[in-house]
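This report refers to the structure that appears directly beneath it.
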Amino acid sequence: MIHFQQVCKRFENGHEALSDLSFRLESGEMAFLTGHSGAGKSTLLRLIALIERCSRGMVSVAGHNLNRVSRRQIPYVRRQVGFIFQDHRLLADRTVFDNVALPLVIAGLGHREIGRRVRAALDKVGLLDKERRCPVMLSGGEQQRVGIARAVVNRPPVVVADEPTGNLDPELSREIMDLFERFNQVGVTLLIASHDLELISRRGHRVLCLDRGRLVRDTPPQTRDRQ
Amino acid sequence: MTRRVGRANAHTAKQAGMPRIGPLAALHIWLQRHAQVSLESLGRIFSKPVSSLLTISVLGIALALPAGLYLFLVNAQSISEGLDGEARISLFIKENIEETKAHSLAETLNQRNDIAQATLITREQALAEFQQYSGYAEALEALGDNPLPHVIVIRPDASAMQPDAIETLLRSLRADPQVELAQLDLQWVQRLHGMILIARRGALVISALLGLAVLLTVGNTIRLEVQNRREEIIIAKLVGATDGFIRRPFLYSGLWYGLLGSVVSLLLLWLAIGLLAGPVSDLSRLYQSEFTLLRLSLHDTAILLATGAFLGWTGAWVAVAQQLRGMEPR
Ligand SMILES: Nc1ncnc2c1ncn2[C@@H]1O[C@H](COP(=O)(O)OP(=O)(O)O)[C@@H](O)[C@H]1O
Ligand SMILES: [Mg+2]
């Protein structure tokens with residue numbers, strides 16, 4: 001579902017954020033992306049969402065060779081990748097409902113279908129009672145859940161999250177991870193960047209570890225020990 | 001792995017679980033969406049009434065000026081066309097020609113088919129008329145002898161109204177040895193024609209400039225709006241919005257601005273016509289003319305509204321296209 005092949009990303013200032021990166025994430029897989037701050041986690045996720053383009057190598061997502069995706073095609077590819085941002089990136093002057101509905105409005109769905117799907121997504125993240133609120137009236141954890149609902153509302157095959165629990169306390173972080181696992185159970189491919197090693201190791205998923213732009217470790221999933 | 005937009009699209013629909021819908025349902029959703037976006041754009045204009053009203057007034061004035069100029073020219077043209085039929089040739093007969101001879105000359109001229117009517121005004125009649133109207137009665141009496149010649153006033157036939165034909169007619173009239181002078185009283189009509197022609201050119205230039213002003217005004221308003229909504233635009237792009245989707249609300253804003261601007265211009269024009277109608281009808285009564293001020297027809301009104309809407313839409317398009325180029329998600 002996600003395939004990186006000898007990917008290099010060099011920024012205009014000459015800094016090489018990713019070097020010779022290769023890995024493959026199969027459909028329905030869930031993996032964490034870890035590494036020190038500045039290791040290149042965000043850059044990697046941004047390549048998947050076509051926010052950046054790689055300088056060398058090949059990135060393919062949901063069957064699209066991203067090198068061959070033209071500017072005009074970008075929106076259609078992005079609709080297949082639900083992106084969850086650390087800073088939520090919600091529309092501050094729109095309600096929770098409108099925020100979550102945005103991908104569906106863009107995709108051209110009808111009113112009734114939009115209402116149905118938005119409520120289903122809000123129900124999944126436990127915010128059904130807050131659909132008329134504006135994001136500023138919500139806590140950080142709730143805002144993050146709105147972002148998650150927006151990322152999954154049009155049922156994309158791939159969801160990537162950039163430090164989704166970065167600003168949350170352990171309790172909320174755990175809730176959000178549980179949520180991701182539930183998405184994974186219905187077949188969504190997930191790649192989650194996080195430097196919260198404790199949180200990651202407890203879950204026993206596959207872990208890709210970056211160090212200064214190189215993939216230094218690829219730990220396969222562990223059998224979970226749930227006591 | 002080469003995929004084109006169409007396939008990527010279809011792929012999205014399948015993978016992302018988008019429902020398959022018929023063309024009629026799709027059209028319904030499309031219309032629903034456009035109605036919603038256009039109303040949202042209108043709501044945005046009304047949500048900041050002061051600045052919107054200022055913008056719309058500027059647009060109204062910029063549109064009213066060329067439209068008013070157009071009306072003025074249409075009116076002037078209708079006057080000058082009314083005057084075309086008024087072309088007269090005055091034939092001054094030589095002093096030594098007697099009245100009977102002048103009479104028979106008028107008779108002969110009346111036979112010509114490039115002349116509709118030739119009327120003799122004898123020197124006595126002319127003097128009487130002159131005394132009656134000019135207030136020079138005493139001066140003329142002091143002169144003793146009647147200094148006026150016989151005059152034949154000729155109304156050319158409609159077929160001879162073209163400048164060439166009139167020229168030919170004049171030449172043949174001047175060739176007559178009994179004629180002292182043949183004078184065409186058309187010059188001022190021609191001058192009026194000429195002035196209208198120049199005015200039309202000028203109006204065209206002014207209209208183009210004011211149209212550009214409308215374009216720039218709307219463009220600037222929309223440019224600011226795009227900048228204010230920069231974050232929103234980038235977020236929409238991140239979740240898969242096409243440029244077309246992002247452009248749409250701004251194009252509707254431009255359309256509304258243009259449309260509201262032309263409504264204001266219509267109000268201004270009606271006001272101006274209302275103020276002018278009274279004095280104009282007084283004036284035309286004074287000249288015993290049946291001239292009435294032409295108003296904007298339904299057709300003109302529709303054109304004005306459409307022009308405003310089109311200019312607003314175009315101005316918005318240019319502004320958005322130029323602004324969106326620099327707005328990629330970071
Ligand atoms: N637009 C950019 N231009 C230049 N350097 C950048 C840019 N974006 C990120 N970098 C650099 O690339 C490296 C990787 O950044 P990032 O992917 O954000 O790391 P992480 O998310 O793992 O903390 C960092 O050293 C960062 O400074
Ligand atoms: Mg980062």
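Among residues belonging to the stretch A:182-205 that are more than 14 Å from every other protein chain (Cβ to nearest Cβ), touching a residue at least 40 places away in the same chain (Cβ under 8 Å) and among the aliphatic types (A, V, I, L, M), point out the one that is nearest to ligand 1 (Cβ to nearest atom).
A:A193
Of all residues in the stretch B:99-127, which are over 45 Å from the mean Cα position of the chain (by Cα) and surrounded by 15 or more Cβ atoms within 10 Å (Cβ to Cβ)?
The answer is B:A102, B:L105, B:T122, B:R123, B:L127.
Would the stretch B:274-282 turn up any residue that is in a helix (DSSP H, G or I) and under 30 Å from A:A161 (Cα atoms)?
Checking the stretch B:274-282: not a single residue is in a helix (DSSP H, G or I) and under 30 Å from A:A161 (Cα atoms).
Which of (1) without any contact (Cβ under 8 Å) to a residue 24 or more places away in the chain; (2) within 14 Å of chain A (Cβ to nearest Cβ) is the odd one out, the single condition B:K237 does not satisfy?
The number of the failed condition is (1).
Limited to the stretch A:53-101, what total is found for residues that are touching a residue at least 60 places away in the same chain (Cβ under 8 Å) and within 16 Å of ligand 1 (Cβ to nearest atom)?
Qualifying residue count for the region: 4.
State which residue is nearest to ligand 2 (Cβ to nearest atom) when the search covers only the stretch A:1-34 and only residues that are β-branched (V, I, T) and more than 14 Å from chain B (Cβ to nearest Cβ). If you could, list the steps in order and put the result at the bottom.
Going residue by residue through the stretch A:1-34, those that are β-branched (V, I, T) are A:2, A:7, A:34.
Filter once more, so that each one left must be more than 14 Å from chain B (Cβ to nearest Cβ): A:7, A:34.
Working: A:V7: 17, A:T34: 11 Å.
Here the residue is A:T34.
Results for (1) buried (at least 20 other Cβ atoms within 10 Å of the Cβ); (2) assigned to a helix (DSSP H, G or I), shown as yes or no for each residue.
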residue: B:L224; (1), (2): no, yes
residue: B:A241; (1), (2): yes, no
residue: B:G244; (1), (2): no, yes
residue: B:Y252; (1), (2): yes, yes
residue: B:Y257; (1), (2): yes, yes
residue: B:G261; (1), (2): yes, yes
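If you go through the stretch A:64-84 one residue at a time, do you hit one that is surrounded by fewer than 22 Cβ atoms within 10 Å (Cβ to Cβ), touching a helix residue (DSSP H, G or I) at 6+ places or on another chain (Cβ under 9 Å), more than 9 Å from chain B (Cβ to nearest Cβ) and assigned to a strand (DSSP E or B)?
No, the stretch A:64-84 contains no residue that is surrounded by fewer than 22 Cβ atoms within 10 Å (Cβ to Cβ), touching a helix residue (DSSP H, G or I) at 6+ places or on another chain (Cβ under 9 Å), more than 9 Å from chain B (Cβ to nearest Cβ) and assigned to a strand (DSSP E or B).
Among the residues of the stretch A:55-80, count how many are on the phi > 0 side of the Ramachandran plot and either touching a Leu at 6+ places or on another chain (Cβ under 8 Å) or within 16 Å of ligand 2 (Cβ to nearest atom) (or both).
Number of matching residues: 1.
When only residues in the stretch A:85-99 that are part of a loop (DSSP other than H, G, I, E, B) and within 19 Å of A:K124 (Cα to Cα) count, which is farthest from the other protein chains (Cβ to nearest Cβ)?
Of everything passing the filter in the stretch A:85-99, A:T95 is farthest from the other protein chains (Cβ to nearest Cβ).
Residue-by-condition table, conditions (1) assigned to a strand (DSSP E or B); (2) touching a strand residue (DSSP E or B) at 6+ places or on another chain (Cβ under 9 Å); (3) under 29 Å from B:I166 (Cβ atoms); (4) modelled with pLDDT of 90 or more:
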site: B:R44; (1), (2), (3), (4): no, no, no, yes
site: B:T55; (1), (2), (3), (4): no, no, no, yes
site: B:G60; (1), (2), (3), (4): no, no, no, yes
site: B:I79; (1), (2), (3), (4): no, no, yes, no
site: B:N96; (1), (2), (3), (4): no, no, yes, no
site: B:T119; (1), (2), (3), (4): yes, yes, yes, no
site: B:A128; (1), (2), (3), (4): no, no, no, no
site: B:E141; (1), (2), (3), (4): no, no, no, no
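Mind checking whether some residue in the stretch B:240-250 is touching a strand residue (DSSP E or B) at 6+ places or on another chain (Cβ under 8 Å) and among the hydrophobic types (A, V, I, L, M, F, W, C)?
No - not one qualifying residue is present in the stretch B:240-250.
What pairs come up if the first residue lies in the stretch B:315-330 and is on the phi > 0 side of the Ramachandran plot and within 14 Å of chain A (Cβ to nearest Cβ), the second is more than 16 Å from ligand 2 (Cβ to nearest atom) and of a type in the set (S, T, Y), and their beta carbons are under 9 Å apart, counting only those six or more places apart or on different chains?
Note: no pairs meet the criteria.
Residues are listed down the side, and each one gets a yes or a no for (1) over 30 Å from A:H3 (Cβ atoms); (2) at pLDDT 95 or above:
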| residue | (1), (2) |
| --- | --- |
| A:G63 | no, no |
| A:A101 | yes, yes |
| A:E113 | yes, no |
| A:R116 | yes, yes |
| A:V136 | yes, no |
| A:R150 | no, yes |
| A:V160 | no, yes |
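Using the structure shown, decide if A:R116 is within 14 Å of another protein chain (Cβ to nearest Cβ), more than 16 Å from ligand 2 (Cβ to nearest atom) and surrounded by fewer than 17 Cβ atoms within 10 Å (Cβ to Cβ).
On the way: within 14 Å of another protein chain (Cβ to nearest Cβ): yes; more than 16 Å from ligand 2 (Cβ to nearest atom): yes; surrounded by fewer than 17 Cβ atoms within 10 Å (Cβ to Cβ): yes.
Yes.
I'm told A:A107 meets every condition in (1) at the interface with chain B (Cβ under 9 Å from one of its Cβ atoms); (2) at pLDDT 95 or above except one. Can you identify the failing condition by its number?
(2)
Just to be sure I understand, how many residues within the stretch A:81-99 are at pLDDT below 95 and among the polar types (S, T, N, Q)?
Looking only at that region, the number is 1.
I'm told A:L179 meets every condition in (1) within 16 Å of ligand 2 (Cβ to nearest atom); (2) more than 14 Å from every other protein chain (Cβ to nearest Cβ); (3) surrounded by 17 or more Cβ atoms within 10 Å (Cβ to Cβ) except one. Can you identify the failing condition by its number?
With respect to (1) within 16 Å of ligand 2 (Cβ to nearest atom); (2) more than 14 Å from every other protein chain (Cβ to nearest Cβ); (3) surrounded by 17 or more Cβ atoms within 10 Å (Cβ to Cβ), A:L179 is out only on (1).
Could you go through the stretch A:162-176 and let me know if any residue there is within 14 Å of chain B (Cβ to nearest Cβ) and either within 16 Å of ligand 2 (Cβ to nearest atom) or not charged (D, E, K, R) (or both).
Yes, there is a match, as at least one residue in the stretch A:162-176 is within 14 Å of chain B (Cβ to nearest Cβ) and either within 16 Å of ligand 2 (Cβ to nearest atom) or not charged (D, E, K, R) (or both).
Output the residues belonging to the stretch A:102-119 that are small (G, A, S) and free of Cβ contacts under 8 Å to residues at least 24 places away in the same chain.
A:G108, A:G110, A:G115
Would you point out the residue of the stretch A:35-54, among those that are within 11 Å of ligand 2 (Cβ to nearest atom) and more than 14 Å from chain B (Cβ to nearest Cβ), that is nearest to A:C209 (Cα to Cα)?
In this case the residue turns out to be A:G35.
Taking the stretch A:1-52, which residues are under 25 Å from B:I235 (Cα atoms), away from ligand 1 (no atom under 12 Å from the Cβ) and part of a loop (DSSP other than H, G, I, E, B)?
A:M1, A:A49, A:L50
Test of understanding: among A:F97, A:F83, which residue is more than 20 Å from A:G213 (Cα to Cα) and within 16 Å of ligand 2 (Cβ to nearest atom)? Working first, answer last.
Numbers: A:F97 fails: within 16 Å of ligand 2 (Cβ to nearest atom).
That would be A:F83, the only listed residue that is more than 20 Å from A:G213 (Cα to Cα) and within 16 Å of ligand 2 (Cβ to nearest atom).
Which of the strands (runs of 3 or more DSSP E) found entirely inside the stretch A:115-227 contain at least 3 residues meeting this: under 25 Å from A:R78 (Cα atoms)?
Once the strands (runs of 3 or more DSSP E) in the stretch A:115-227 are filtered for at least 3 residues that are under 25 Å from A:R78 (Cα atoms), what remains is A:158-162, A:189-193, A:206-211.
How about the stretch A:56-82: which of its residues are touching a Gly at 6+ places or on another chain (Cβ under 9 Å), among the hydrophobic types (A, V, I, L, M, F, W, C) and under 16 Å from A:V159 (Cβ atoms)?
A:V77, A:V81
In this structure, is B:L204 assigned by TED's automatic domain parsing to the domain that holds B:L255 and surrounded by fewer than 17 Cβ atoms within 10 Å (Cβ to Cβ)?
Yes: the conditions hold for B:L204.
The values are calculated or read from the model by the stated rules, or taken from the named source; none is laboratory data. This is a predicted model, so every value here is computed, not measured. FYI the Cβ positions are ideal-geometry reconstructions off the backbone, even for glycines, and counts take in every protein chain you see.
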